[in-house]
Amino acid sequence: MKLSFLAALLFCCIGFAQNNTDTSLYMKSDKITYLTDIGSESGDLYKTIGHHGPAIENEWMALRIYFSDKVAIDVYNKAKAGLELKKANWYPTPEQQKEGWGADYYKVAATSGLGGVKLWDGEKVVPLNPVTNRLARVGKTDTTSWMEMISKGVPYKGKKVDIMVRVTVFSGKREAKVEAFSLNGEKVQFVTGVNYFKDFGVKKGANYIAVWGKHPEDVAAEIVEVGAAIMYNPKDYVKTNDDGTQYLLISKPAKYLETKIISSCARETELNTLDKLEAYIKK
């Protein structure tokens, strides 16, 4: 009995300590060698890197940052909890999807996606482009995985600024953290938000925006309803804006900004409706 109890306790401790997150960064021509960092003076390795940029995942979703002028955050939704990036490379086959794998149901289009970061010059959105160099990095800790995109030499209000976007996922925690840094020490106005499409459901609170609906995706084997939400501190922002494709949050001048993002889909068993997603956020 004592031995069985100790074995069970050891199993629980090992399970608790397990890091259910992962990273993925590799050249499209070589799926064997995984990288920790890569850079480009052109700022565009969209067609060169696997899944178009660095990616990370936790049990419930994967996220990637496009290595291009977009620097948008895209989502890979899962039907069941587990790690899939290293096996699926973001694009599982239709057969795998029918067997219970996740898929790329989310469509960023011309937006910043879910929690992607750009700049605001007082009148309009300023992309993190052109650049003098763009760098991507990925890494892990005992309980997290993270990715960074550094855009150097971005023209902004007559100057050039270096902006870093870091996304972190946590083992055992559904939401991810998005951080934006002005590396030069210059205060800038960041702009972030969440995109949506026609006929989407929307829920808004004092510190969150949640959307739910079908993305016009043409990569997945089927179209599935997807939910996405951004959680933020309203004190960090001066205004909100709806440009018809995304709900935008425009920050006060700052050197640093932090938000949280979460996504789920109708194929999973827990947060499979907009109401359930909102209830989770409120909790």
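Observations on the structure shown:
- Å² of accessible area per residue within the chain, as computed with a 1.4 Å probe and no ligands counted: 47 Å²
- Contact order normalised by residue count of the chain, Cα under 8 Å, 6+ apart, percent: 17 percent
- Split the accessible area of the chain by element, probe 1.4 Å, and carbon with sulfur accounts for 54%.
- Pairs from Lys98/Lys283; Lys204/Lys252; Lys78/Lys124; Lys31/Lys173; Lys157/Lys282; Lys124/Lys255 whose Cα-Cα separation, in the structure shown, is over 26 Å: Lys98/Lys283; Lys78/Lys124; Lys31/Lys173; Lys157/Lys282
- Cα centroid separation, segment 96-113 to segment 200-220 (Å): 13 Å
- At full extension, Ser42 and Lys28 could sit 3.3 nm farther apart than now, given 0.36 nm per residue minus the alpha carbon distance.
- Accessible surface of Arg134 - all protein chains present, 1.4 Å probe, nearest 10 Å²: 0 Å²
- Gained length - Lys252 relative to Asp69, 0.36 nm times residue gap less alpha-carbon distance: 63.5 nm
- Nearest 10 degrees, 0 to 90: helix 2-17 Cα axis against the chain principal axis: 20 degrees
- Note on the chain: Cα-only Rg and Dmax are 19.0, 73 Å.
- Among 91-100, 264-273, sorting by the average number of other beta carbon atoms lying within 10 angstrom of each residue, highest first, gives 264-273, 91-100.
- At 1.567 mPa s and 4 °C, Stokes diffusion of segment 189-283 via Kirkwood alpha-carbon radius, µm² per second: 92 µm²/s
The values are calculated or read from the model by the stated rules, or taken from the named source; none is laboratory data. Quick caveat, the model's predicted, so the values are computed rather than measured. Methodologically, a virtual Cβ is constructed for each residue, glycine included, from the backbone with ideal geometry; neighbour enumeration extends over all protein chains shown. To get the accessible areas, we keep the full protein, side chains included, count just its heavy atoms, and leave off ligands, DNA and RNA. Shrake-Rupley method; radii C 1.70, N 1.55, O 1.52, S 1.80 Å.
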